[in-house]
1. Assign unit charges at the C-beta atoms only (+1 for Lys and Arg, -1 for Asp and Glu), then state the dipole size of the chain relative to its Cα centre in Debye, rounded to the nearest 20.
2. Quick one, could you list the DSSP H helices from the chain stretching 27 Å or more along their long axis (Cα atoms) with average Kyte-Doolittle hydropathy of 1.6 or above?
3. For ASN135 and MET54, what does the FRET efficiency come to when R0 = 30 Å and r is the distance between their Cβ atoms, rounded to the nearest 0.05?
4. At 7 Å along the Cα-to-beta-carbon direction for both LYS120 and LYS12, put a label point, then send me their distance in nm to one decimal.
5. Just from its helices, what would the mean residue ellipticity at 222 nm be for the chain, if runs of 4 or more DSSP H residues each count -39500 (n - 2.57) and the sum is divided by every residue, rounded to the nearest 500 deg cm²/dmol?
6. Got the relative contact order for the stretch 1-74 handy, in percent, Cα pairs under 8 Å and 6 or more residues apart?
7. Sort 28-40, 129-141 by packing, meaning the average of other beta carbons within 10 Å per residue, with the highest value first.
8. Take every Cα pair under 8 Å in the stretch 86-156 that's 6+ residues apart, average their separations, divide by the length, and report that relative contact order as a whole percent.
Amino acid sequence: KLRLVFLARVCKEKGIDVVFDIAKGLKLRDINFSLDIYGPLLYDSEEFHQNLRMSPDTTYMGAVQPEDINSTLCNYDILLFPTHYEGEGCPGTIVDSLINGVIPIVSDWKYNASFVQHNKNGFVCDPYDSVPYVNYIEQIYKDKTKYTDLKNKAFI
């Protein structure tokens, strides 16, 4: 079972809609996963809560205190970060995932590709298209050697 995490402000600009589409795609491919969403909920829309109800493998965990980020992230295999937030700067969540050996699958947005080397320590995808994210997660799920290699290189 792959343990996926989203750790950012929970809003459309940070890609939460894409995250739910990824979960749907993984379910359709019979990939065994859990997905935990961490971060302050910046919009309390019925759509967000409906997406949660429709995705039994997905749980909203609330915000994480800064001092708990490392002890939280180390419990996961893959970070999802499909941001398209215009004000995105240095993506601390990516740095934190790498420090903890969590494979980042991120959007090709602003500086993300400065931290994630595609197919070496993670993957870089289109910010609006869930299909590449699902494809890369499926690769990791099916190929334990690739999983271990990416995890080690993420940490390095």
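The values are calculated or read from the model by the stated rules, or taken from the named source; none is laboratory data. Quick caveat, the model's predicted, so the values are computed rather than measured. A quick note on method: Cβ atoms are made from the backbone with ideal geometry, for glycine too, and the neighbour counts reach across all protein chains shown. Surface areas here come from the heavy atoms of the whole protein model, side chains and all, with no ligands, DNA or RNA. Shrake-Rupley method; radii C 1.70, N 1.55, O 1.52, S 1.80 Å.
1. Numbers: 16 positive and 21 negative charges, 118 e Å.
Dipole magnitude for the chain comes out near 560 debye.
2. Values: long enough: none.
The qualifying helices: there are none.
3. Details: r = 22 Å, r/R0 = 0.73.
That pair, ASN135 with MET54, gives E of 0.85.
4. Modelled inter-label distance: 3.6 nm.
5. Values: 7 runs with 64 residues, N = 156.
When only DSSP H runs of four or more count, the value is -11500 deg cm²/dmol.
6. On the way: 87 pairs, mean separation 26.7, N = 74.
In percent, rounded to a whole number, it is 36.
7. On the way: 28-40: 16.0, 129-141: 18.8.
Descending packing order for the listed peptides: 129-141, 28-40.
8. Values: 88 pairs, mean separation 25.4, N = 71.
Averaging sequence separation for qualifying contacts and normalising by length gives 36 percent for the stretch 86-156.
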